[in-house]
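Q: A single structure is presented below for examination.
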Amino acid sequence: MSAPELHAQLRYVAEDDWTGYGNAADRLVRAVRAAGTSVAFRGWSNTMGGAPAALLPFSRDERPADEAAPGAPTVAHLVPEHYALVRSVVDGGPLVGHTVWETDRIPGHWPPLLNAVDRVIVPSEWNRSVFQAGGVRVPIRVVPHVACEPVLATDDAVAALGVPDDVTVFYSIGRWDERKAMFHVVRAFLDAFTADDPVVLVVKTGVLSEMRPPDEWGATSPLALTTGWQVAEIVRRYPRPARIQLAVDRWPEERIAALHTRGDCFVGLARGEGWGIGAFDAC
């Protein structure tokens, strides 16, 4: 391992998870380093739920010992609600907010939070227009998300998906929530195909639903909040449903690459996307 950089030119703070924010930040840090800028990469521990704010080494970082120089700029690749707390735990220097939004109007409480940082980064020109129309007055710069070199899928990883060669693979990757609307993907697939068709839908999501729990008495079992239950609730309405593979465990990059390699059609029915990394990677 190379010696730690104790005076990195940039501090980058991000959600340390396998989410769109976390994955986009990881790729951007790798790209900035490859371009010759030293970066101290930190995960953000605060969840706005009372936990103390702190900067921790990002779990996927290959250089966790690197430290930013005093007064180095900080990029907070987080939703704006965290920016004031990030500023409170760094040792001065400019603060850049890096975020994204999915609709043509930003939340009403965002402009003051965004105008309190020194600069804002968004991934698209459309987002810049939306933020400016919403009252953001600090400079806004567009930095598209990084198109990585594809991770090559091994034959073994493709075979591990367990899909015969003569089956057409539809697939979708995303959170099980109202915005991503993965339930619409499942319904559309089952409306289009039956058990007689040589097709499969692979749904790569999390183990828990992130939707509001049902209001009906007796319907709030912990099982009802799992994606497996949610998919089963949809499938049971079809007399001869086409095959669905639900994947809720954490997959390494090689297995995600295998899904992109073997998949024939990526399906996304999200109600709004600021970028859409799943479809971006599929392309």
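Q: Run the numbers for Arg137 and Thr103: contour at 0.36 nm per residue of separation, minus the present Cα-Cα distance, in nm.
A: 10.3 nm
Q: I'd like the accessible area for Ser88, computed on protein heavy atoms only with a 1.4 Å probe and all protein chains in place. Round to 10 Å², please.
A: Result for Ser88: roughly 80 Å² accessible.
Q: Right, another one. DSSP loop (so not H, G, I, E, B), at most 15 other Cβ within 10 Å: list which GluC sites (Glu not before Pro) in the range 1-86 pass both filters.
A: Sites meeting the loop and neighbour criteria: Glu62, Glu67.
Q: Related question: Report ³J(HN,Hα) in whole Hz for each residue of the range 63-78, in order, from the Karplus equation J = 6.51 cos²θ - 1.76 cosθ + 1.60 where θ = phi - 60°; Gly and Pro get x.
A: So the J values, rounded to whole Hz, are 10, x, 8, 5, 10, 6, 5, x, x, 5, x, 10, 9, 9, 8, 8.
Q: Describe numerically, in nm with one decimal, the distance between label points set 7 Å from Cα along Cα→Cβ at Ala31 and at Ala224.
A: 4.3
Q: Tell me, what is the per residue accessible area of the chain in Å², probe radius 1.4 Å?
A: Value for the chain: 52 Å² per residue.
Q: Take the alpha carbon gyration tensor of the range 161-283, find the square roots of its eigenvalues, order them as a ≥ b ≥ c, and report rounded if a/c is under 1.5; if not, report prolate when a/b exceeds b/c, else oblate.
A: Oblate, since a/c reaches 1.5 and b/c is not below a/b.
Q: How much of the DSSP bridge set in the chain is antiparallel, in percent, rounded to the nearest 5?
A: The antiparallel proportion sits near 15 percent.
Q: At a threshold of 8 angstrom on Cα-Cα distance, excluding pairs fewer than six apart, so keeping six or more, what relative contact order does the chain reach in percent?
A: Relative contact order, the chain: 16 percent.
Q: Exactly which GluC sites (Glu not before Pro) in the range 92-186 are in a DSSP loop and have at most 16 other Cβ atoms within 10 Å?
A: Glu102, Glu178
Q: Once ligands and nucleic acids are excluded and a 1.4 Å probe is used, how much of His82 is accessible, expressed in Å² to the nearest 10?
A: Rounded to the nearest 10, that gives 20 Å².
Q: Also: Can you pull the percent of the chain's accessible area that's carbon plus sulfur, 1.4 Å probe, other chains left in place?
A: 57
Q: Right, here's the next one. May I ask you to list the trypsin sites (Lys or Arg not before Pro) in the range 87-119 that are in a DSSP loop and have at most 13 other Cβ atoms within 10 Å of their Cβ?
A: When the trypsin sites (Lys or Arg not before Pro) of the range 87-119 are filtered for loop state and at most 13 Cβ neighbours within 10 Å, Arg105 remain.
Q: Roughly how many debye, to the nearest 20, is the charge dipole of the chain about its Cα centre, given +1 on each Lys and Arg Cβ, -1 on each Asp and Glu Cβ, and no other charges?
A: The dipole of the chain has a size of about 680 debye.
The values are calculated or read from the model by the stated rules, or taken from the named source; none is laboratory data. As the structure is a computational prediction, the values presented were derived from the model and not from experiment. For neighbour counting, all protein chains shown are included, and Cβ atoms are generated from backbone atoms with ideal geometry for every residue, glycine included. Side chains are part of the model used for accessible areas, which takes the heavy atoms of the whole protein and leaves out ligands, DNA and RNA. Shrake-Rupley method; radii C 1.70, N 1.55, O 1.52, S 1.80 Å.
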